[in-house]
Amino acid sequence: MQALNHFMVNRHWDKRLGIDTRGYIDLPKKHQDLGTRTESTDYLVLEEIFTSYQPGANSHLVDFGCGKGRVLFYIHYKFGIPATGIEINPITLDALAGNLVGYQRKMGGQLAIDYFAGDGREYQIKSQQNLFYFFNPFSLPVFQRVLFNIQTSYWQSPRPIDMLVYYPLEEIQDWLNQQDWLMIKDIINLKTGSDPEDYVVIYQFV
């Protein structure tokens, strides 16, 4: 029954947003050390996360490994904030591009959503970007490089920065908890996911 409810809610939201974010897409072999397959987070889970944590009016979301863009479009729709996706999988990028067209058509025009097609380690963080989202993020070496880029941007342009890490690998969370420039702001223990151990850790740059 719960699985059926998630399926119906996912279909409802995709239709409302004019997108299709269902299904899985595997990473090409040459990129498999950079992350995991494309798998969109259930909308019921997103609703729970972003009821507990609400972005500020001046937030700019960056979703590393954004997949087909479900988080981008949901957050933009709910909060009206700019959103940027980072994605390397060429098959997933085709779906993301189509979803951006579909969402803009549904919402009526050009909107503050864009994406970077490439390796997240090579993305240049913008000074206005201050909310970073990671779902089941990369291997630790890749994640460390991405965090170094965010930290460098923070030092160059000091600003409040929040980082949401959903389903972190144990070694990633252990490493994050050792960094004195990060503080745990909150932990959201999710009740709507399929795994009772689901949680999101919200870090704040200090």
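List of remarks:
- Placed amide H near LYS185: partners under 5 Å, 5+ positions off or other chain: ILE202, TYR203, GLN204
- Global form of the chain, assessed from the alpha-carbon gyration tensor, a/c cut-off 1.5: rounded
- Value at 222 nm in deg cm²/dmol, rounded to 500, when DSSP H runs of n ≥ 4 in the chain each add -39,500 (n - 2.57): -12000 deg cm²/dmol
- Lys/Arg +1, Asp/Glu -1 at C-beta; the chain dipole; positive extreme among TRP13, PRO158, SER139: TRP13
- Links that overshoot a 20 Å alpha carbon limit, given the list LYS78/LYS106; LYS68/LYS191; LYS15/LYS68; LYS68/LYS106: LYS68/LYS191
- Here is the list for segment 98-206: trypsin sites (Lys or Arg not before Pro) lying in DSSP coil, each with at most 16 other C-beta atoms within 10 angstrom of its C-beta, are LYS126, LYS191.
- Rounded to the nearest Hz, the phi-derived 3J(HN,Hα) couplings of segment 87-94 under the Karplus curve 6.51 cos²θ - 1.76 cosθ + 1.60 (θ = phi - 60°) are 8, 10, 6, x, 5, 5, 4, 4, where x marks glycine and proline.
- Relative contact order [Cα under 8 Å, 6+ residues apart], segment 1-205, whole percent: 19 percent
- For segment 49-58, 3J(HN,Hα) per residue [Karplus equation, 6.51 cos²θ - 1.76 cosθ + 1.60, θ = phi - 60°, Hz, x = Gly/Pro]: 4, 8, 8, 6, 10, 10, x, x, 4, 9
- Under a model in which nothing but the beta-carbon of Lys, Arg (+1) and Asp, Glu (-1) is charged, segment 1-205 shows a dipole of about 780 debye around its Cα centre.
- Interchain or long-range residues, amide H under 5 Å from PHE135's placed H: TYR166
- HN-Hα J in Hz across segment 122-127 - Karplus 6.51, -1.76, 1.60, θ = phi - 60°, x for Gly and Pro: 9, 6, 8, 5, 8, 5
- Distant-in-sequence amide H partners of TYR199 (H built 1.01 Å from N, under 5 Å): TYR167, LEU190
Bear in mind these aren't lab numbers, they're just calculated from the coordinates by the rules spelled out. Quick caveat, the model's predicted, so the values are computed rather than measured. Positions of Cβ are generated from backbone atoms using ideal geometry, with glycine treated the same way; all protein chains shown enter the neighbour counts.
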